[in-house]
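These notes are about the structure you will find just below.
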Amino acid sequence: MLGSSSWVSEAHWPCSDGGLELEASHIKVVSLGLEGGIAKGIIEDLESMGASCTWMDAGESDFDRTVVDWRSALSGAHWLILEMSSFGKGESLASAVGAAMVFAELEGAKTALVVDEESMMDSEKAWGSIVERIRQIGFISMSVDGRAKIASMEHVDNSEVGELLRLRGLVSVVAIMDEESRLMEIHHNLGIEVGSTIIENLKSMTASMLAGLPSSKYSSEGVRSSAGI
């Protein structure tokens with residue numbers, strides 16, 4: 001797993017898109033998954049902010065990952081949003097999200113992963129697949145329950161998960177939310193931000209960060225503002 005690997009270099013997250021300030025209406029995102037999942041909810045929140053969103057329902061009977069024009073779909077996109085559970089369900093869905101990640105990297109889109117807690121997924125399989133692709137992921141969000149699940153699989157203390165993903169996995173931004181207390185813990189290139197957010201749940205917080213980060217210059221203040229703290 002991630003904790004047993006030797007990572008030695010730091011990842012550097014771009015400060016902004018060409019130095020331009022972006023509003024949510026200038027953000028383009030792509031996501032695929034299953035209806036009822038958190039990714040679809042995040043897409044709906046981003047759409048309500050004015051972002052340009054493309055949603056692909058991988059559960060549709062006519063969904064065929066082999067004919068999706070990923071390059072066209074992801075061209076100019078800021079984010080590809082995926083759920084952890086997509087990697088631990090059927091092989092077709094896992095293959096689809098894996099292919100999307102490859103093309104996202106080629107097209108310059110950053111992959112955002114949400115650690116959801118679907119009961120019908122193989123968590124060990126999902127996390128193992130994610131670890132294999134960890135350097136392709138630029139943003140991870142999770143609840144404290146999701147953090148506990150990762151800690152258990154990585155055999156580390158809950159408090160070590162953010163640093164593990166940030167420093168060893170080279171994930172640029174790791175956001176952890178206690179939905180009950182609304183306390184946030186965000187690990188990013190410049191340090192760690194802790195504080196209470198005005199945003200009510202993980203879905204809306206993730207949407208807010210994905211809308212705000214591209215124009216935040218990834219400063220401490222920008223990261224805090226995008227998370228509502």
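The values are calculated or read from the model by the stated rules, or taken from the named source; none is laboratory data. Computed from a prediction, not measured in an experiment: that's the story for all the values here. Using ideal geometry, Cβ is built from the backbone for each residue, glycine included, and neighbour counts are taken over all protein chains shown.
Which condition breaks for Val194 when tested against (1) touching a strand residue (DSSP E or B) at 6+ places or on another chain (Cβ under 9 Å); (2) part of a helix (DSSP H, G or I)?
Of everything listed in (1) touching a strand residue (DSSP E or B) at 6+ places or on another chain (Cβ under 9 Å); (2) part of a helix (DSSP H, G or I), Val194 misses just condition (2).
Is there any pair with a first residue in segment 63-83 that is on the phi > 0 side of the Ramachandran plot and a second that is surrounded by fewer than 21 Cβ atoms within 10 Å (Cβ to Cβ) and at pLDDT 95 or above whose Cβ atoms are under 7 Å apart and which are 6 or more apart or on different chains, and what are they?
As it stands, the answer is Gly76/Lys28, since those pairs meet every condition given.
Identify the residue in segment 106-117 that is crowded, with 17+ Cβ neighbours inside 10 Å, of a type outside the set (Val, Ile, Thr) and closer than 12 Å to Leu80 by Cα and, among all such residues, is farthest from the chain's Cα centre (by Cα).
Only one residue tops the list, namely Glu107.
Scan (1) surrounded by fewer than 21 Cβ atoms within 10 Å (Cβ to Cβ); (2) within 18 Å of Asp45 (Cα to Cα); (3) touching a Ser or Thr at 6+ places or on another chain (Cβ under 8 Å) for the single condition Ser204 breaks and write down its number.
Evaluating Ser204 over (1) surrounded by fewer than 21 Cβ atoms within 10 Å (Cβ to Cβ); (2) within 18 Å of Asp45 (Cα to Cα); (3) touching a Ser or Thr at 6+ places or on another chain (Cβ under 8 Å) leaves (3) as the failure.
Test of understanding: among Glu47, Glu35, which residue is modelled with pLDDT of 90 or more, acidic (Asp, Glu) and within 23 Å of Ser123 (Cβ to Cβ)?
Answer to the selection: Glu35.
Looking at segment 170-183 only, could you name the residues that are in contact (Cβ under 8 Å) with a residue 24 or more places away in the chain, surrounded by fewer than 23 Cβ atoms within 10 Å (Cβ to Cβ), touching a strand residue (DSSP E or B) at 6+ places or on another chain (Cβ under 6 Å) and not polar (S, T, N, Q)?
Glu179
Based on what the data block shows, is Ala175 under 22 Å from Leu213 (Cα atoms) and small (Gly, Ala, Ser)?
The answer is yes for Ala175.
For Gly76, only one of the following conditions fails: (1) surrounded by 19 or more Cβ atoms within 10 Å (Cβ to Cβ); (2) modelled with pLDDT of 95 or more. What is its number?
(1)
Working carefully through the options Trp70, Trp13, find the one that is closer than 19 Å to Val173 by Cα, touching a Phe, Trp or Tyr at 6+ places or on another chain (Cβ under 8 Å), at pLDDT below 95 and surrounded by 14 or more Cβ atoms within 10 Å (Cβ to Cβ).
Trp13
What single numbered condition from (1) part of a helix (DSSP H, G or I); (2) buried (at least 18 other Cβ atoms within 10 Å of the Cβ); (3) touching a residue at least 12 places away in the same chain (Cβ under 8 Å) fails to hold for Gly222?
Just one mismatch for Gly222, condition (3).
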